[in-house]
Amino acid sequence: MEKEIQRYRMICTLTFGDIYGQIIVWLIVIFITLATSLALWSSTRQIYALATVGIVLVLSLPFLLFAFVTTLLNHIEFAPIEEATTRTSSTPRNASPSQKAAEAAS
């Protein structure tokens with residue numbers, strides 16, 4: 001019994017507009033954090049300002065990474081390739097038109 005392996009084509013439909021909102025929200029969070037740290041910056045509270053920036057970065061980066069990865073995975077599709085498509089795609093790109101026609105006819 002010979003089983004034929006099904007071939008699939010991976011299609012990524014992700015566009016910049018899909019992640020644009022996530023980038024804008026993260027930039028807003030970073031700018032608010034920097035504004036907060038500048039407000040806390042004084043000769044006695046410098047450690048609090050640095051700790052604020054560090055905590056926000058450490059806590060926000062995993063959420064940003066999770067949002068990017070899940071958005072990317074939601075935009076990946078696997079479509080089965082039909083046998084006729086597989087044959088024509090195996091034709092060399094530099095083949096002459098008569099070779100391509102002969103291979104398509106077979």
Q: Please work out the C-alpha center-to-center distance from region 1-53 to region 56-74 and express it in whole Å.
A: 6
**Q.** Solvent-accessible surface ranking, highest first, for ILE47, ILE30, ILE11 at 1.4 angstrom
**A.** ILE47, ILE11, ILE30
Q: Would you pull out the residues with amide H under 5 Å of ILE81's amide H, same chain only if 5 or more places away, H placed 1.01 Å from N?
A: ARG7, TYR8, ARG9
Q) At a probe size of 1.4 Å, how large is the accessible area of PHE68, to the nearest 10 Å²? A) 70
**Q.** Karplus-derived HN-Hα couplings along region 20-28 (A = 6.51, B = -1.76, C = 1.60, θ = phi - 60°), whole Hz, x at Gly and Pro
**A.** 4, x, 5, 5, 4, 4, 5, 5, 4
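Given a 1.4 Å probe and heavy atoms of the protein chains only, how would you sort TRP41, TRP26, largest accessible area at the top?
Of TRP41, TRP26, the descending order of accessible area is TRP41, TRP26.
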Q. Probe 1.4 Å, all protein chains in place: accessible area of SER60 in Å², nearest 10?
A. 20
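The values are calculated or read from the model by the stated rules, or taken from the named source; none is laboratory data. None of these values were measured; they are calculated from a predicted model. Heavy atoms of the whole protein, side chains included, go into the accessibility calculation; ligands, DNA and RNA do not. Shrake-Rupley method; radii C 1.70, N 1.55, O 1.52, S 1.80 Å.
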